[in-house]
Structures are given as C-alpha cells and as structure tokens.
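Report on the following structure.
The values are calculated or read from the model by the stated rules, or taken from the named source; none is laboratory data. If you're wondering where the values come from, they're calculated on a predicted model, not measured in any experiment. Here the Cβ positions follow ideal geometry from the backbone for every residue, glycine too, while neighbour counts run over all protein chains shown.
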Amino acid sequence: MGTNDYGGSPVQPGFSTRIDTPEFRAAMGSSGKVFAITSVLTAVLLAPLLMLVVSFFSKVELADLIIPGIIVEAIALVYVIWSALKRSLGKTWDGEVVKKYVEEKYDSKNDTSEHIYITEMRTDEGKKHKHKEHLLHPVYDYFEVGDRVRYHPKLNFPFEKFDKTRDAYVPCPFCGQRQDVTHDTCQNCKMPLLK
Ligand SMILES: [Zn+2]
C-alpha cells in the first residue's frame, strides 16, 4: 500500500458523526456558497443565451423574444429560489430504501425512449420519497433495497448509507465522485467524506 494524503480509517457500520465536526461544517459552508453563486449565474444567463440562440437559428427578431425571455428568466429564478429554500430549510431524515425500478418513457414524436431510474425510500415517519435520475444514476447504483439511509439536505450528494462496510466506494457528498471507502478525504475535490 502506498501512502496518500487522503487519510485512511476503517469503515464501521452506522451513520457518520463527522457531519457535526467543525471541519465538515466549514466544507458545507463553502460548498453552499459555490452552489448559490453557480445557480444564480445560470439562472441569470439562461434567458439571454436562449434568446440569442433562438434568434440566430430561427431568424426571429431578438426584440420579439423579449416577452418569452422574461418568462424563462422568471421560471429560472423561481426554480433557483425554490432549490435554495429546499437546501437551507430542508430537514434531515432517516429512512429505508424500499423499492428500485426503471421506467421507460417513450417519445413517439422522436421515436426515442428515455429511462428513468427510481429509488423509492420511506422515511421513519412513513413519508414516501421517490428519487428520480435520468442519464446518470448514482443513487440508484449505490443503494440496495433494505438499506438504511439518511438524507442531508445541504449536501450535493445528500444520501448517506448506514452500513458502508460491504462497499468498495463511498460517493463524495460534495462532488459525487466515487471514492475508495477507506479514504477520509475526496481525491477529486479534497473535501471530507462522510464515513
Ligand atoms: Zn469530492
């Protein structure tokens, strides 16, 4: 075994207690700031960019796109505010993965079909939580039916598995990349892992 800067400690079953450490709190604070800045920038730039692209390809005058542009901008901003509220006011919950399945959505107009990967969880309070993923499906891949799960609303990859001892990897809670389960820090973004 070579040495690395990514720590290395045995994996034990149970939800991580690292989430309450100052190191983890600081990491959450800076990742929250990055999330806020990128989502506001995306929302603000989305409508002007769409207007330029549409007017370029459809020969519609830019001036005629102002009203649709304002509508797109408003929807984007509402979405940003909604996801920020969900992130900051959302509550941590514990639950269990109860079902996993793939739905196929057929688009007859384009003769294409899309797969939706659904990981269904039930909180200990009895609420159903359906997590839907499209092209990439890290949550679907990581969890098995019967796994205990904890939801952390402020994390980019918000689901933590109770028993990580049977796994070779743990998804980084900040960048989502798969990390060796023996590491303490993510090799990609250098943030602390939840273990
Ligand atoms: Zn990472």
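Is region 107-128 home to any residue that is closer than 25 Å to Lys33 by Cα, among the small types (Gly, Ala, Ser) and touching a Phe, Trp or Tyr at 6+ places or on another chain (Cβ under 9 Å)? So far as region 107-128 goes, no, none of its residues is closer than 25 Å to Lys33 by Cα, among the small types (Gly, Ala, Ser) and touching a Phe, Trp or Tyr at 6+ places or on another chain (Cβ under 9 Å).
Inside region 185-195, can you point out the residues that are within 12 Å of the ligand (Cβ to nearest atom) and in contact (Cβ under 8 Å) with a residue 12 or more places away in the chain? Break it down into steps so the answer makes sense when it comes.
If we filter region 185-195 for residues that are within 12 Å of the ligand (Cβ to nearest atom), which is where we start, we get 185-194.
Across region 185-195, the qualifying residues are Thr185, Cys186, Gln187, Asn188, Cys189, Met191, Pro192, Leu193, Leu194.
The set of residues in region 152-178 that are within 14 Å of the ligand (Cβ to nearest atom) and over 16 Å from the mean Cα position of the chain (by Cα) contains only Tyr169.
Looking at region 10-42 only, could you name the residues that are of a type in the set (Gly, Ala, Ser) and crowded, with 16+ Cβ neighbours inside 10 Å? Explain how you work it out, then say what you get.
Taking region 10-42 and keeping what is of a type in the set (Gly, Ala, Ser), we get 14, 16, 26-27, 29-32, 36, 39.
Matches in region 10-42: Ser16, Ala27, Ser31, Gly32, Ser39.
Looking at region 77-100, can you tell me whether even one residue there is surrounded by 11 or more Cβ atoms within 10 Å (Cβ to Cβ), in contact with a Leu (Cβ under 6 Å, 6 or more places away or on another chain) and not acidic (Asp, Glu)? Within region 77-100, not a single residue is surrounded by 11 or more Cβ atoms within 10 Å (Cβ to Cβ), in contact with a Leu (Cβ under 6 Å, 6 or more places away or on another chain) and not acidic (Asp, Glu).
Residue by residue through region 148-160, note down the ones that are in contact (Cβ under 8 Å) with a residue 40 or more places away in the chain and either under 20 Å from Ala36 (Cα atoms) or surrounded by fewer than 19 Cβ atoms within 10 Å (Cβ to Cβ) (or both).
Step one: list which residues in region 148-160 are in contact (Cβ under 8 Å) with a residue 40 or more places away in the chain, which gives 148-156, 160.
Selection gives Arg148, Arg150, Tyr151, His152, Pro153, Lys154, Leu155, Asn156.
Only residues that are surrounded by 15 or more Cβ atoms within 10 Å (Cβ to Cβ) and either more than 22 Å from Gly32 (Cβ to Cβ) or at pLDDT below 95 (or both) were counted in region 130-140, giving 3. Figure legend. Inter-residue proximity from region 116-144: first residues under 16 Å from Pro158 (Cα atoms), second residues in a strand (DSSP E or B) and among the small types (Gly, Ala, Ser), beta-carbon distance below 9 Å, spacing 6+ or different chains. Indicated pairs: Met121/Gly95; Arg122/Gly95; Thr123/Gly95; His129/Gly95. Restricting to region 27-81, name every residue that is over 30 Å from Leu155 (Cβ atoms) and among the small types (Gly, Ala, Ser). Scanning region 27-81 gives Ser55, Ser58, Ala63, Gly69.
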